[in-house]
Amino acid sequence: MRSDWKKISLGDIFKVKHGFAFKGEYFSDTSTQTMLVTPGNFSIGGGFQNNKKKFYDGPIPKEYILEPGQIIVSMTDLSKQTDTLGYAAIVPKNENIWLHNQRIGLLEFNKNLPSDSVFISYLLRANKYRSWIIGSASGTTVKHTSPSRIHLYKCKIPPLFEQKAIAHILGTLDDKIELNRQTNKTLEAMAQAIFKSWFVDFDPVIDNALAAGNEIPDTLKKKTNARIALGDDRKPLPENIRKLFPSSFMFTEKMGWVPEGWDVSTLGDVAENYSGKFDFDKHCYPVFINTGDVFKGDFLHNNLSDKETLPGQAKKQIGFNDILFSEIRPKNKRYAYVNFDVGNYVVSTKFMVIRSLGEIHSRYLYQLLRQNRTIGEFNLIAESRSGTFPQITFKSIQYYPLLVPTKEIQNEFVSLIKPSFKKIDNNKFNNQLLTNLRDTLLPKLLSGELRIPDAEKLIKD
């Protein structure tokens, strides 16, 4: 560390302002532009995420409206690992109005001691700072920190110009990571839009029925009128795909009007809850995945273990194209699709390992199970069961009705979305590399061990 770096307390650079206790009566299940920042908005390791949305529709004190670019810290952590306590994040610039909620600290910088706020946000993500916060935290089940504890942390910081350079290097990596995430969201949305058009709204079947002059059931008239209203914007599918779809509908007892020739089945008829046990003789160092290690299709953590330290619920083996779906609290969306070589992966018994029996394509089934409508119905089933928390089993959802299109249409759908998911997987892989690089550079840049030109060369390479 060079001599021009000054030792200082964080309390000299900024003060931490507590958030406002917004009243629960104004929390909303309906989407609103105003949203409360909660500890759930902090990523593991720092940074902002928007996976858990808390909408608010009530009075707002002006002084608790956050501005894009402001630095916030998590003052409370509910996780067993204390994953986010004290970490910093930057308020994003988007269409939302973010509110400074309780349990969130806002950094108010000392104007008489100039500093770069982005640099400070990375400083509040470093391992030494994390050790200080965890070591001084209060509480047992729920961990807390305080403004005074954060203020007392001492460290050395570089001159302002170097702070800005370090912030730029680390920020460039985070910008690339965020761009990949946004690209993946777009690709996911495109795949979901195709699924909805083909298998929920039945757009291709309606188009074929209109072209053939066939009668369309009254219950589908609203969708039909919406298609007609599109006029020239109602882009037809390529001929080879269009002709795979029927031009009429049939009535079924379980699902009402569905495309002619498609099957109405149940989850238990087309898939099983695979219960194959893990072979410990083959794999000495398994990777264990618990329900908290997946979220909305993403694998968050891989926990390398050995058979001596493996938890008791780590018993179920998984295979390529399996669907992992947590039995606990379905609305939390702890599910994922296994599209990689599983090798020595073992999962918790709290996962259903849903495996297709052949009639239905695994990728189509996965898109169907992850729909909000399906998740909602699974949650209703879970909440109807007695117990300390909502829970489903494969047995409790085996009679859930499913629409099974012809194999040709399923295969065409999978072929159409496959390039998108390949790109998504590549972006996730690249993001892991970028994250590892950022996490490697961060402590070295913040300690002065690595010079800025050397870091820039590493990124370029």
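Filtered by the rule that a residue be closer than 30 Å to ALA126 by Cβ, surrounded by fewer than 16 Cβ atoms within 10 Å (Cβ to Cβ) and at pLDDT 95 or above, the range 180-213 gives a lone residue, THR183. When the range 112-145 is filtered for residues that are outside any helix (DSSP H, G or I) and under 15 Å from TYR87 (Cβ atoms), the ones remaining, listed by number, are LEU124, ARG125, ALA126, SER136, ALA137, LYS143, HIS144, THR145.
Has the range 430-453 got at least one residue that is small (Gly, Ala, Ser) and more than 28 Å from the chain's Cα centre (by Cα)? Yes - at least one qualifying residue is present in the range 430-453. Could we say that LYS93 is assigned by TED's automatic domain parsing to the domain that holds LEU78 and surrounded by fewer than 15 Cβ atoms within 10 Å (Cβ to Cβ) here? Answer is yes for this residue.
Select, from THR388, THR374, the only residue that is farther than 20 Å from TYR274 by Cα, of a type in the set (Ser, Thr, Tyr) and within 21 Å of the chain's Cα centre (by Cα). Being farther than 20 Å from TYR274 by Cα, of a type in the set (Ser, Thr, Tyr) and within 21 Å of the chain's Cα centre (by Cα) holds for just one of THR388, THR374, which is THR374. Residue count for the range 114-153 satisfying the condition of being out of contact with any Phe, Trp or Tyr (no Cβ under 9 Å at 6 or more places or on another chain), surrounded by fewer than 16 Cβ atoms within 10 Å (Cβ to Cβ) and not hydroxyl-bearing (Ser, Thr, Tyr): 7. Just a yes or no: is a residue in the range 8-22 among the charged types (D, E, K, R), modelled with pLDDT under 95 and either in a loop (DSSP other than H, G, I, E, B) or assigned by TED's automatic domain parsing to the domain that holds SER121 (or both)? No: the range 8-22 contains no residue that is among the charged types (D, E, K, R), modelled with pLDDT under 95 and either in a loop (DSSP other than H, G, I, E, B) or assigned by TED's automatic domain parsing to the domain that holds SER121 (or both). Only a single item in (1) touching a helix residue (DSSP H, G or I) at 6+ places or on another chain (Cβ under 6 Å); (2) within 19 Å of LYS418 (Cα to Cα); (3) part of a helix (DSSP H, G or I) is not met by LEU237, and it is number (3). Taking the criterion of being out of contact with any Phe, Trp or Tyr (no Cβ under 6 Å at 6 or more places or on another chain) and of a type in the set (A, V, I, L, M, F, W, C), the residues of the range 39-54 that qualify are ILE44, PHE48. Among the residues of the range 157-165, is any loosely packed, with under 15 Cβ neighbours inside 10 Å and small (Gly, Ala, Ser)? Scanning the range 157-165 turns up no residue that is loosely packed, with under 15 Cβ neighbours inside 10 Å and small (Gly, Ala, Ser). On the basis of being among the polar types (S, T, N, Q) and in contact (Cβ under 8 Å) with a residue 40 or more places away in the chain, does SER384 make the cut? No. Consider the range 96-109. How many of its residues are farther than 23 Å from THR32 by Cβ and surrounded by 19 or more Cβ atoms within 10 Å (Cβ to Cβ)? The qualifying residues number 2. Is it fair to say THR349 is at pLDDT below 95, surrounded by 13 or more Cβ atoms within 10 Å (Cβ to Cβ) and either in the same structural domain as PRO286 (by TED's automatic domain parsing) or touching a Pro at 6+ places or on another chain (Cβ under 9 Å) (or both)? So THR349 passes the test. In the range 423-437, the residues that are over 14 Å from GLY45 (Cα atoms) and touching a residue at least 12 places away in the same chain (Cβ under 8 Å) reach residues that are assigned to a helix (DSSP H, G or I) and of a type in the set (Gly, Ala, Ser) with C-beta atoms within less than 9 angstrom, at least six apart or across chains, in these pairs: ILE424/ALA191.
Table: residues versus (1) out of contact with any strand residue (DSSP E or B) (no Cβ under 8 Å at 6 or more places or on another chain); (2) among the polar types (S, T, N, Q); (3) under 30 Å from SER3 (Cα atoms); (4) not assigned by TED's automatic domain parsing to the domain that holds ASP341.
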position	(1), (2), (3), (4)
LYS422	yes, no, no, yes
LYS428	no, no, no, yes
ASN431	yes, yes, no, yes
LEU442	yes, no, yes, yes
LYS457	yes, no, yes, yes
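Looking across the range 438-456, just one residue is free of Cβ contacts under 8 Å to residues at least 40 places away in the same chain, under 16 Å from PHE161 (Cα atoms) and in a helix (DSSP H, G or I), and that is PRO453. If the condition is being exposed (fewer than 15 other Cβ atoms within 10 Å of the Cβ), under 21 Å from the mean Cα position of the chain (by Cα) and either on the phi > 0 side of the Ramachandran plot or polar (S, T, N, Q) (or both), then the range 410-429 contributes only ASN426. In this structure, ILE72 does not satisfy being assigned to a loop (DSSP other than H, G, I, E, B) and at negative phi. Selection of first residues in the range 214-236 that are within 16 Å of SER247 (Cα to Cα) and exposed (fewer than 13 other Cβ atoms within 10 Å of the Cβ) and of second residues that are at pLDDT 90 or above and of a type in the set (D, E, K, R), restricted to Cβ pairs under 7 Å at least 6 apart or on distinct chains, gives the following pairs, ordered by first then second residue: PRO236/ASP207; PRO236/ARG242. The single condition among (1) over 17 Å from GLU412 (Cα atoms); (2) touching a residue at least 24 places away in the same chain (Cβ under 8 Å); (3) basic (Lys, Arg) that ARG242 does not satisfy is (1). For the range 29-55, which positions are small (Gly, Ala, Ser) and loosely packed, with under 14 Cβ neighbours inside 10 Å? Of everything in the range 29-55, just one residue is small (Gly, Ala, Ser) and loosely packed, with under 14 Cβ neighbours inside 10 Å, namely SER31.
The values are calculated or read from the model by the stated rules, or taken from the named source; none is laboratory data. Since the structure is predicted, the reported quantities are computational estimates derived from the model, not experimental observations. Using ideal geometry, Cβ is built from the backbone for each residue, glycine included, and neighbour counts are taken over all protein chains shown.
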